[in-house]
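Quick notes on the structure that follows.
Rule-based calculations on the coordinates, nothing more; no lab input. The structure displayed is predicted, hence computed values, not measured ones. Cβ: placed from backbone, ideal geometry, glycine included. Neighbour counts: every protein chain shown.
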Amino acid sequence: MDVAYDANGTLYVADSTNDRIQRFVNGSTTGTSLSGLTINNPTAVFMTNNGILYIIDSLNYRVLRWNNGVATIVAGGHGIGSTLDKMSTSNGLYIDTNLNIYISDTANNRVTFWTAGNTTIGRLMAGGNSAGSGAHQLNSPWGIYVDANGTLYIVDSSNHRVQKWLPGKIQRWSPGSTYGITLVAVTMASPKGMTFDSIGNLVVADMSYHRIDSFSISCPQTTTTTIPPTTQSLNQVCSTAYWNSTFRIVAGSTGSYSTAMNRLYTPIDVTFDGYGYMYVVDNGNNRIQLFPPGRLNTSSMMSYPLISNLGSTSSTSAVTLAGLSTGGGNGYSELSDPYSIFVDLNGIMYILDTGNFRVVKWLPGQPLGFTVAGSGVTGTTLDKIGTSYAIYLDNQSNIYISEYGNHRITKWLNGNLTAGIRLAGNNTAGSASNQLNNPWGIFVDGNYTLYVVDRGNHRIQKWISGMFYFTSIYILIY
């Protein structure tokens with residue numbers, strides 16, 4: 001549903017369907033789930049300058065602050081409702097430089113403001129008087145943004161427009177109060193996310209038209225501009241700015257959706273990094289797409305090794321950072337339902353080919369892969385793997401496989417194509433210290449300590465090399 005990134009280029013994805021936040025280290029296509037979270041349908045994430053992540057926990061009707069594995073309620077948490085101490089289903093989030101919280105409370109047709117440190121009650125910023133198209137109303141607001149001048153921008157989704165609310169003129173429902181100003185209301189279809197690019201152009205995720213729209217900015221020369229730190233989306237929004245009603249499509253195509261690299265399918269959010277790269281949550285294609293700024297060269301792509309060979313690619317062509325298309329077979333050039341990928345420092349890809357019950361190794365520039373784990377059929381013997389959703393490689397290129405269906409973790413030694421070694425679990429679902437129940441994400445640190453998302457037991461397990469049982473790190477109660 002949403003993405004954010006930190007100063008190191010690490011990408012955080014609100015994986016709403018799976019009730020988790022996924023973290024993708026810069027240059028990697030293998031994600032890990034954040035620990036210490038008990039969430040239900042996360043819809044938005046926001047990363048502050050100091051590396052603290054804020055999350056809309058939508059169906060728990062609250063906002064969480066996550067820092068180093070600890071989650072704290074900072075807004076809401078009092079159940080669903082329309083009073084200002086409560087939230088309903090919400091889809092947009094912004095944190096200003098004072099750590100005040102702005103929430104796009106979609107189902108309540110309003111935007112609320114929660115002062116930093118106040119978890120008791122918010123106050124009304126915009127809308128909140130039933131759905132409508134009047135200047136004082138909103139209809140299913142979604143993405144929100146606050147510029148350096150304190151001006152609030154709202155994607156008023158069901159009114160197919162973007163609204164601007166000036167600072168100091170908050171919705172008070174008193175005579176003479178100032179309502180919202182429509183910035184753009186051209187032909188859009190259920191727009192969702194918005195941001196500004198590095199020169200202040202307004203960029204909107206136009207969901208039902210399967211495209212990203214860019215509205216160019218006009219700003220009088222006498223005004224000043226402010227550039228926020230690069231860990232937030234860059235903008236140069238002046239206090240008297242306006243945006244042209246004529247827009248250009250910078251990604252996707254009107255009414256046309258597909259899995260092609262220059263197409264999108266119901267994009268739901270968009271953001272930029274400090275280099276001008278555009279990240280799009282391509283919701284219908286279950287992937288995160290990266291669009292480079294104009295034509296690339298390899299020197300500017302050193303932090304993105306997976307796309308360093310796209311020097312002549314235009315900004316309308318993308319590469320997939322996370323999420324792979326379903327393959328069509330079991331040949332050496334084919335995949336079937338690939339689910340996880342690990343890329344080593346040499347650019348060699350290890351792909352968990354889930355539908356073919358194997359791990360495939362793919363050398364750079366080669367048209368064919370070859371099997372390095374599994375036999376191509378499911379089973380519980382150690383020469384086979386069951387339904388699996390995650391892999392990891394240690395620094396010796398040994399392969400760790402999280403076998404969801406076999407309730408175990410197996411290790412295939414580098415060069416051994418015959419059989420794996422059972423590290424944890426016993427092929428039977430259970431909650432004992434030597435058992436797992438539908439394990440999912442895994443991670444191996446430099447000491448070969450194994451960390452497992454024990455999904456069916458709602459816990460994170462730690463397994464120290466040489467031991468015969470797990471230690472629970474986090475128990476997730478939901």
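Backbone amide hydrogens, once placed in the peptide plane, bring residue 92 within less than 5 Å of 104, 106, excluding anything fewer than 5 places away on its chain. Taking label points 7 Å from Cα along the Cα-to-Cβ direction, residue 25 and residue 49 give a separation of 2.8 nm.
Between residue 336 and residue 18, residue separation times 0.36 nm minus the direct Cα-Cα distance comes to 112.4 nm.
Can you spot the lysines whose alpha carbon is less than 17 Å from residue 164's alpha carbon? Ignore those fewer than 8 places along the same chain. Counting by Cα, and skipping residues close in sequence, residue 164 has these lysines nearby: 192. At full extension, residue 449 and residue 348 could sit 34.0 nm farther apart than now, given 0.36 nm per residue minus the alpha carbon distance. Note that the range 1-87 shows a convex hull volume over its alpha carbon atoms of 87 Å³ per residue.
3J(HN,Hα) along the range 446-453, derived from phi through the Karplus expression 6.51 cos²θ - 1.76 cosθ + 1.60 where θ = phi - 60°, amounts to x, 9, 6, 6, 9, 10, 10, 7 Hz, with x in place of Gly and Pro.
Averaging the sequence gap over all C-alpha pairs within less than 8 Å and six or more residues apart, then dividing by the number of residues, gives the range 14-146 a relative contact order of 15 percent. Across the range 338-475, the mean sequence separation of Cα contacts (distance under 8 Å, 6 or more residues apart), normalised by length, yields a relative contact order of 14 percent. Here the simple spin-label model places points 7 Å from the Cα toward Cβ, and for residue 396 and residue 419 these points are separated by 1.9 nm. When each of the peptides 12-20, 54-62, 439-447 is scored by the mean number of other C-beta atoms lying within 10 Å of its residues, the order from highest to lowest reads 54-62, 12-20, 439-447. Taken along the Cα-to-beta-carbon direction at a fixed 7 Å, the label points for residue 7 and residue 38 span 3.3 nm. Ratio of Rg to Rh for the range 338-475: 0.96 [Cα atoms; Kirkwood radius as inverse mean 1/r over pairs].
As a size descriptor, the averaged projected area of the C-alpha convex hull of the range 51-106 was calculated at 3.8 nm². The mean sequence distance of close C-alpha pairs (under 8 Å, at least 6 residues apart), as a share of the length of the range 404-471, puts its relative contact order at 24 percent.
Full extension of the chain between residue 427 and residue 377 gives 16.3 nm of extra length, using 0.36 nm per residue less the Cα-Cα distance.
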